[in-house]
Amino acid sequence: MNQVLVMAIKDLRLLFRDKLGAFFIIGFPILMGIFFGMVMGGPSSGSDRAKMKIAIVDLDQSTLSAKFISQLADNGSIELIETDLEPAKESVRKGQRLAMLVLTEGFGETAGIFWEKPPTIQIGVDPSRSAESAMLQGMILESIGQLAGQRMGDLSSMQDMVKKSREQLANDKSISSGNRLLINSFFSSLEGMTQSIEALQTDADDSSSSPVENGGFEFAKLESIDVSRKIDPASQAGQMKKIKSKWDISFPQSTMWGVLACAAGFAISIARERTQGTMMRLQIAPISQSSVLIGKAVACFFSVMLVISFMVGLGLLLGMRPGSYPMLALAALCVASCFVGIMMVMSNLGKTEESVNGAGWAINMVMAMFGGAMIPVMFMPQFMKSLSILSPVKWGILAMEGAIWREFSLSEMMLPCGILLGIGIAGIAIGTSLLNRE
Amino acid sequence: MGNSIAEVSALKKSFGDIDAVNGLSFAIQQGETLGLLGPNGAGKTTVISLLVGLLKPDTGSVSIGNSSCAEAGDPTLTATRRLLGVAPQALSIYETMSAQENLDFFGRLYGLSGKKLRDRVNWCLDFAQLQDRAKSYAGTFSGGMKRRLNIAVALIHEPAILLLDEPTVGVDPQSRNHIFESIEALRERGMTILYTTHYMEEAERLCDRVAIVDHGKLLALSSVNDLIEQYGGASMVTGDLAELPKEIELPGELTGKSIRFASNTPLQDVAALSAQGVAFQTLNIARPNLENVFLTLTGRSLRDG
């Protein structure tokens, strides 16, 4: 056992002293992860965040609703696009807009009148950007508050409104006489106040107004609406909804590049030992042939585990949140075992470093292409999806995604993990047999 | 097995139609340096591979060790391998590991650790004269330094038998001389060495006994002097005479004033000629060597391959 460890440590040391090899194992997957993350998630900072793109649907089509839209548009943080209900929903669903606002019918009748039933504004928000939606709600309330201020400034409109409200009060039999007296008294005071303001305005010829504070009054009723379609959880779209971060997809994908590089690196190192003659020294040393091979396998296994750990660590820093760490550990163990087997077979693909390198990477590229390390399997055409089941990379990514965002149960993990272990065991058996025969 | 520490008997190994080793038998005596001398393709490296158990013979047997070695037996046995130290013809060292790391790694494979390992690593670095480059990657070494490290690695576990397969191939004269001195030092320490080479000068200088092999067959095995005596033929005397002698029968052919003749007793023959008044302006006596032995045995020169 001690000699196996001595072998493994030597191989890890040699692997990481090869600067180009180390780059392909660690550096390249990081670049791939970040690149694919950016491609899939889009930028999450800068100008995109500075202006929130909002779709607005004006079902009221009143002067007040138009005024509200104009005030909201004046806010430098919002970019408004007026549209109809369905296109608005679709744009939020597709992630083109952060949210949609619907100004319901009757919005203009009561907006900004704090004693009336508040107008309803429906909001549909992209679930992945809930933090920004809170900011949007604040801006909506601010605009409604400004509307109330303008209402108070428009005295003739206010007087008409009070008159209309008095008539409604007279006709409403459900209100008790005590409350009726109280409300009438309020309306009288309000009429007096508007007349006084009118007189002052005439004297001062001052038409400016100040916004009314909204503290203590409900200026608008914000009602959430569901922008999503009813999605089958088992469908691709349903699966996609489980993704919490753009790194959830790109990191398993890019981790596999590191794993592939490890397998190729160790396969090449076995070929190099053969051509350099150091394999001969190992074969005539007082250790069994299987110890030599186990040493290689252990080193490859550890380097794969190291790559996965490193990539998960980096993913965590960037915001990836694995659903289950034990499942992730299980996936990592199975991926490592699988690619140890593949490495063993790969090392027999040629007699020289060059031939093993060429053949190894050719196989790696095909496995990566069909396995989803370049384009996620879910985005592939059907025929490629069918072929992908032949690629160990697909099962590796699936096992890691199962742990990270697919919320796989242990029984669901059994399929990818079982396949990975099966490939690993078969690869180790075939590779060992070929190396021994040689 | 007597005093021999390794024995091969009726060894045969073929690769397809080619008989690489064809009925070879010999024994290596404890403490001797035995040379395997033959041209490229004679089967020397195959013999080494059979001796260390890398190849299995088609027929015949290999036995390593003697009654003084607890691990004696077939070289394919893991324990028996501890008795062998091998410096293969191809440089078998890790180029991206330092000299010290190479020695440390192989020492650990042979079960060394702690102070014993440190002492052996230091001894080997001294032996290879690489102390000042101990921490440099082997890939940065000159060809001679790599060869020395290659031999040092074979010595890390103090083997009972050191197998050196063409250790001076591709080495500059200075490094070659250093390797000779190192091997002579090992001989003085009583180490048993099997030395394969196609350079007869090396075999003559370093080996107690020489086995001449060609096409996988053992042609002769004895001490250098015995081989020369048996198969080397006569010495060759060449010289320029001061003047052409009259009435004296010369032993060889005369071209102008130059004389050339073969003799088994060259000094006596030259002395007899001088006594008869033959004066030599120049004189050269070429003793037969292993090249002549090989020529006699095979009809070809060693360098013809």
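The values are calculated or read from the model by the stated rules, or taken from the named source; none is laboratory data. On a predicted model such as this, the values are computed, not experimentally measured, just so you know. Heads up, the Cβs are rebuilt from the backbone with ideal geometry, glycines too, and the neighbour counts pull from every protein chain shown. Ligands, DNA and RNA are excluded from the accessible area calculation, which covers all protein heavy atoms including side chains. Shrake-Rupley method; radii C 1.70, N 1.55, O 1.52, S 1.80 Å.
Points worth noting:
- Å² per residue, accessible surface of the stretch A:62-104 at 1.4 Å: 45 Å²
- In order through the stretch B:181-193: 3J(HN,Hα) via Karplus (6.51 cos²θ - 1.76 cosθ + 1.60), integer Hz, x for Gly, Pro: 4, 5, 5, 5, 5, 5, 4, 5, 7, x, 6, 7, 10
- Residues of type lysines that A:LYS163 reaches as a straight line, Cα spacing below 22 Å, ignoring anything fewer than 8 places off in the same chain: A:LYS117, A:LYS173
- Projected area, mean over directions - the stretch A:394-438, Cα convex hull, nm²: 3.3 nm²
- Total accessible surface hidden between B and A, rounded to 100 Å², 1.4 Å probe: 2200 Å²
- Within the full protein context, the accessible area of A:GLU354 is estimated at about 130 Å² for a probe radius of 1.4 Å.
- Candidates B:LEU112, B:LEU273, B:LEU34, ranked by Gaussian network fluctuation over chain B, Cα under 10 Å, top entry: B:LEU273
- For peptide B:48-55, the mean count of partner chain Cβ atoms within 10 Å of a residue's Cβ comes to 2.
- Loop GluC sites (Glu not before Pro), the stretch B:182-243, which have at most 12 other Cβ atoms in a 10 Å radius of their Cβ (DSSP): B:GLU243
- Accessible carbon and sulfur surface of the protein assembly as shown relative to its total accessible area, %, 1.4 Å: 55 percent
- In percent, rounded to a whole number, the relative contact order of the stretch B:1-155 is 19, using alpha-carbon pairs under 8 Å and six or more apart.
- Within the listed set B:PRO88, B:PRO75, B:PRO266, the Gaussian network model of chain B (springs between alpha-carbon atoms below 10 Å) gives the highest mean-square fluctuation for B:PRO266.
- For B:ILE5, distant residues with modelled amide H under 5 Å away: B:ILE28, B:GLN29, B:GLN30
- Computed with a 1.4 Å probe on the full set of protein chains, the accessible area for B:LYS116 sits at about 100 Å².
- Chain B, relative contact order in percent, only Cα pairs under 8 angstrom and at least six apart counted: 20 percent
- Ordered by solvent-accessible area of protein heavy atoms (1.4 Å probe), largest first, the residues B:SER223, A:SER70 come out as A:SER70, B:SER223.
- Calculated P(r) of the protein assembly as shown - Cα pairs past 50 Å, %: 48 percent
- For the stretch B:191-227 versus the stretch B:19-48, the gap between their alpha-carbon centres in whole angstrom: 8 Å
- Label-reachable residues, the stretch B:134-160, where backbone N falls under 16 Å from a point 7 Å from B:ASN177's Cα toward its Cβ: B:144-145
- Relative contact order [Cα under 8 Å, 6+ residues apart], the stretch A:326-438, whole percent: 44 percent
- In the protein assembly as shown, helices alone account for a calculated mean residue ellipticity at 222 nm of -17000 deg cm²/dmol, with every DSSP H run of four or more residues adding -39,500 (n - 2.57).
- Evaluated on the stretch B:53-158, the Kirkwood hydrodynamic radius is 14.7 Å, with distances taken between all distinct Cα atoms.
- Given a 1.4 Å probe and the protein chains as shown, A:LEU387 ends up with an accessible area of around 70 Å².
- Placing unit charges on the Cβ atoms of the charged side chains and taking the dipole of the stretch B:20-138 about its Cα centre, the candidate lying farthest along the positive direction among B:GLN131, B:GLY60, B:LEU50 is B:GLN131.
- Taking the Cα centre of the protein assembly as shown as reference, the dipole from Cβ charges on Lys and Arg (+1) and Asp and Glu (-1) amounts to some 1500 debye.
- Ratio Rg/Rh [Cα only; Rh per Kirkwood] for chain B: 1.09
- Residue ranking by accessible heavy-atom surface, 1.4 Å probe, largest first, among A:LEU85, A:LEU328 comes out as A:LEU85, A:LEU328.
- Contact-buried residues of the stretch B:104-118, at a threshold of 30 Å² lost accessible area versus the chain by itself: B:PHE105, B:PHE106, B:ARG108, B:LEU109, B:TYR110 (1.4 Å probe; DNA, RNA and ligands ignored).
- Within chain B, DSSP assigns beta bridges of which about 65% are antiparallel (rounded to the nearest 5).
- Gaussian network model of chain B, Cα within-10 Å springs - most flexible of B:GLY144, B:GLY256, B:GLY239: B:GLY256
- Cross-link check: pairs B:LYS115/B:LYS146; A:LYS10/B:LYS13; A:LYS296/A:LYS351 evaluated at a Cα-Cα cut-off of 27 Å; pairs beyond the cut-off: A:LYS10/B:LYS13.
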